[in-house]
Amino acid sequence: MAVAIIIDEDNKIIHRQVTGELYTDRSLRLVRELALSVGTYKNYNVMMDMRGTETKPEMLDLMAIASECAKLKSDFNNKIAFLIPDTEERIHFAQLFKTCMETQGFRFKHFFNAETAMEWLTDKG
């Protein structure tokens, strides 16, 4: 259950790598910890590397996590990129989560590799 955070000051990205089992309670804790980071680095985008995690969330779990993210919305208008494993199940969950996040006004995308995510996060358009 390792968690690592890197602040990329050149590209203005908060990069967090998460490994291990990812249960709803742990996901909610990560969102709260991320809130502290984006509070400190207000103009930074976020890249969450979830490729080393195992999870099988239910729709209610995804909604609870997206709801916790909504509490950040007033203070956060930057991009969020999730790096996920390229599996059918994880893609399905990421698409559901994306819908929840976009409904709340977040700019959210999921990717399979860091380079593509970085391109999107650093694109000023």
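The values are calculated or read from the model by the stated rules, or taken from the named source; none is laboratory data. Just so it is clear, the model here is predicted, and its values are computed rather than measured. Cβ atoms come from the backbone with ideal geometry, glycine included; neighbour counts cover every protein chain shown.
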Only one of Ala81, Ala66 that is of a type in the set (A, V, I, L, M), surrounded by 20 or more Cβ atoms within 10 Å (Cβ to Cβ), closer than 27 Å to Asn11 by Cα and touching a strand residue (DSSP E or B) at 6+ places or on another chain (Cβ under 9 Å): Ala81
Any hit, the stretch 1-15, residues being under 21 Å from Cys100 (Cβ atoms), at pLDDT 90 or above and not acidic (Asp, Glu): yes
Count of residues meeting criterion [more than 12 Å from the chain's Cα centre (by Cα) and hydrophobic (A, V, I, L, M, F, W, C)] in the stretch 39-60: 2
Those strands (runs of 3 or more DSSP E) lying entirely in the stretch 9-121 with at least 1 residues polar (S, T, N, Q): 13-21, 45-54
